[in-house]
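A short worksheet on the structure shown next.
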Amino acid sequence: MRVIRTAAAQLGPIQKAEDRDSVVARMIALMDEAKRQDADFVVYPELALTTFFPRWYHADRAEADPWFEAAMPNAATAPLFARAREHRMAMSFGYAELTPEGRHFNTSILVDRDGRIVGKYRKVHLPGHEEYDDARSHQHLEKRYFEPGDLGFPVWRMLGGILGMCICNDRRWPETYRVMGLQGVEMVVLGFNTPSVNAQRGAEGLGQRLFHHRLSVQAGAYQNATWVVAVAKAGDEDGHHLTGGTLIVDPNGSVAAELEGEADGVIVHPCDLDETRFGKETIFDFARHRRVEHYGRITGQTGVVLPE
Ligand code: CDT
């Protein structure tokens with residue numbers, strides 16, 4: 001057995017007015033609870049340090065820069081790194097990254113048990129739109145504030161296994177998991193901020209949003225024989241509601257643990273990476289069963305090409 005006791009640490013809403021010091025204190029409280037439950041690894045949501053700011057429009061993009069981190073760790077997150085080292089707890093969390101060259105990414109990191117950043121991922125599949133759109137019930141301006149990630153979908157050896165990351169909307173795309181699956185990934189960790197209302201289809205209810213979330217994550221786990229840990233930022237942020245649905249899915253595609261509610265909270269599950277072996281060696285033994293000669297369209301085109 002190769003067990004990682006994994007904590008999915010959901011954050012309830014973060015209002016615009018809440019500062020990073022306060023959010024980091026909440027994250028530390030969740031980490032302490034994870035430690036009480038004997039976790040080795042804690043996973044937090046996408047853009048964990050602030051409200052989901054891409055819902056707010058700034059005509060001047062630079063006005064959004066205060067939501068970004070120019071260094072990691074920094075003064076606000078140093079206490080989180082210190083507590084993680086003290087607990088010898090590995091962690092992953094998302095934040096808005098501003099590079100020294102002035103580039104903007106929606107980023108997540110993997111931090112080992114010594115508090116060293118060993119992995120960085122930048123969100124590839126940015127949802128939403130770039131310009132203000134008054135046809136929508138609310139804005140989702142990730143394409144305005146971030147560049148698409150430029151690091152691909154790497155994996156890392158950590159905690160005795162092979163770990164990878166993706167972020168929110170990436171979880172809906174089978175390519176995300178497959179690229180990591182082809183590197184032997186055994187656990188994919190991701191955070192998300194999913195509005196419970198579809199801005200272009202108001203009738204789509206919370207139930208349908210959660211159904212699509214679970215469907216995507218469970219399919220990605222099963223089809224690549226990997227654990228998937230998906231962690232929400234949930235609840236009402238300044239009148240904008242985000243779904244919960246924090247869960248841990250096993251390599252068979254079944255939900256192993258799920259958190260109830262939309263407040264700060266932790267679920268811990270003993271994820272045995274050896275449970276990935278069966279799927280990887282049988283129905284999803286890629287080396288034996290994949291037929292790449294038929295997959296050219298996957299990388300050869302982006303949109304749909306209709307038949308004549
Ligand atoms: N944060 C994020 O990626 N949210 C998207 C919302 C899509 S609707 C524009 C998600 O896939 O949940």
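Could you derive backbone 3J(HN,Hα) for the range 39-44 from the dihedral phi with the Karplus parameters 6.51, -1.76 and 1.60 (θ = phi - 60°), listing whole Hz in sequence and x where the residue is Gly or Pro?
6, 9, 8, 10, 10, 10
Amide H to amide H, which residues 5 or more places from CYS271 or on other chains are under 5 Å from it, using H placed in the peptide plane?
Correct list: ILE4, ARG5, THR6.
Could you work out how far apart the two model spin labels at ALA59 and MET1 are, taking each label as a point 7 Å from the Cα in the direction of the beta carbon, and quote it in nm?
Result: 6.1 nm between the two label points.
Scan around SER196 for amide H atoms under 5 Å from its own, H built in the peptide plane at 1.01 Å from N, and keep only partners 5 or more places away or cross-chain.
Correct list: HIS241, LEU242, THR243.
Contour minus end-to-end for ALA71 and GLU101, with contour as 0.36 nm per residue of separation and end-to-end as the Cα-Cα distance? Numbers along the way, then the final one.
On the way: separation 30, 0.36 × 30 = 10.80 nm, distance 1.22 nm.
Taking 0.36 nm per residue and subtracting the Cα distance, the gain is 9.6 nm.
Have a look at LEU49, ALA39, GLN10 and report the one farthest towards the positive end of the charge dipole of the range 1-66, computed about the Cα centre with Cβ charges (Lys/Arg +1, Asp/Glu -1).
ALA39
How charged is the neighbourhood of HIS104? Take every other residue with its Cβ under 15 Å from the Cβ of HIS104, and add Lys/Arg as +1 and Asp/Glu as -1.
Net of charged neighbours comes to -4.
What net charge is computed for the residues neighbouring GLU275, neighbours being all others with C-beta under 13 Å from the C-beta of GLU275, Lys and Arg scored +1, Asp and Glu -1?
-2
Grab the Cα-Cα distance for ALA17 and GLU130, subtract it from 0.36 nm times how many residues apart they are, and report the gain in nm with one decimal. Kindly include the intermediate steps, with their values, before the conclusion.
On the way: separation 113, 0.36 × 113 = 40.68 nm, distance 2.44 nm.
Additional length available on full extension: 38.2 nm.
May I ask you to compute the full-extension gain from ARG297 to GLN37, defined as 0.36 nm times their residue separation minus their alpha-carbon distance, rounded to one decimal in nm?
Difference between extended and current length: 89.0 nm.
Classify the range 166-308: rounded, prolate or oblate, from the alpha-carbon gyration tensor (a ≥ b ≥ c, eigenvalue square roots; a/c under 1.5 rounded; otherwise prolate if a/b is larger than b/c)? Walk me through the numbers before you get to the answer.
Details: a/c = 2.73, a/b = 1.27, b/c = 2.15.
Cα axes put the range 166-308 in the oblate bin.
What translational diffusion coefficient, to the nearest whole µm²/s, does the chain have by Stokes-Einstein, given a Kirkwood radius computed over alpha-carbon pairs, a temperature of 37 °C and 0.692 mPa s viscosity?
167
Whole-Hz Karplus ³J(HN,Hα) for the range 249-265, in order, using 6.51 cos²θ - 1.76 cosθ + 1.60 and θ = phi - 60°, x for Gly and Pro?
So the Karplus estimates, Gly and Pro as x, are 10, 7, x, 8, x, 8, 6, 8, 7, 9, 8, 7, x, 10, 9, 4, x Hz.
For a paramagnetic label modelled at 7 Å from the Cα of GLN223 toward its Cβ, which residues of the range 185-208 fall within the zone defined by backbone nitrogen distances under 16 Å?
Under 16 Å, as judged by backbone N against the label point of GLN223, lie 185, 188 of the range 185-208.
Please report, ordered by residue number, every helix of the chain (full DSSP H runs) that is 18 Å or longer along its axis going by C-alpha atoms and whose mean Kyte-Doolittle hydropathy reaches -1.0. Don't skip to the answer; put the middle values down first.
Values: long enough: 20-36 (24 Å, -0.16); 206-224 (27 Å, -0.54).
Passing helices, by number: 20-36, 206-224.
Determine the dipole magnitude for the range 213-308: charges of +1 sit on the beta-carbon of Lys and Arg, -1 on that of Asp and Glu, nothing else is charged, the reference point is the Cα centre, and the result goes in debye to the nearest 20.
For this selection, approximately 660 debye.
Show me the ranking of peptides 273-279, 191-197 by mean Cβ neighbours inside 10 Å, starting with the highest. Before the final figure, lay out the partial values.
Values: 273-279: 18.0, 191-197: 24.0.
Sorting 273-279, 191-197 by mean packing, highest first, produces 191-197, 273-279.
Hey, for a label at ILE283 modelled as a point 7 Å past Cα toward Cβ, could you say which residues of the range 192-230 have their backbone N under 18 Å away?
Zone members listed by number: 215-228.
What is the sum of charges, Lys and Arg at +1 and Asp and Glu at -1, for the other residues whose Cβ falls under 13 Å from the Cβ of GLN10?
-4
Lysine pairs in the chain with Cα distance under 28 Å, only those 8 or more apart or on different chains: how many are there?
Lysine pair count for the chain: 13.
Could you tell me the distance between the Cα centroids of the range 3-52 and the range 227-292, to the nearest Å?
Cα centroid of the range 3-52 versus Cα centroid of the range 227-292: 17 Å apart.
Any read-out appearing in this document is the output of simple, stated calculations on the displayed coordinates, not a laboratory observation. None of these values were measured; they are calculated from a predicted model. We place every Cβ from the backbone using ideal geometry, glycine too, and count neighbours over all the protein chains shown.
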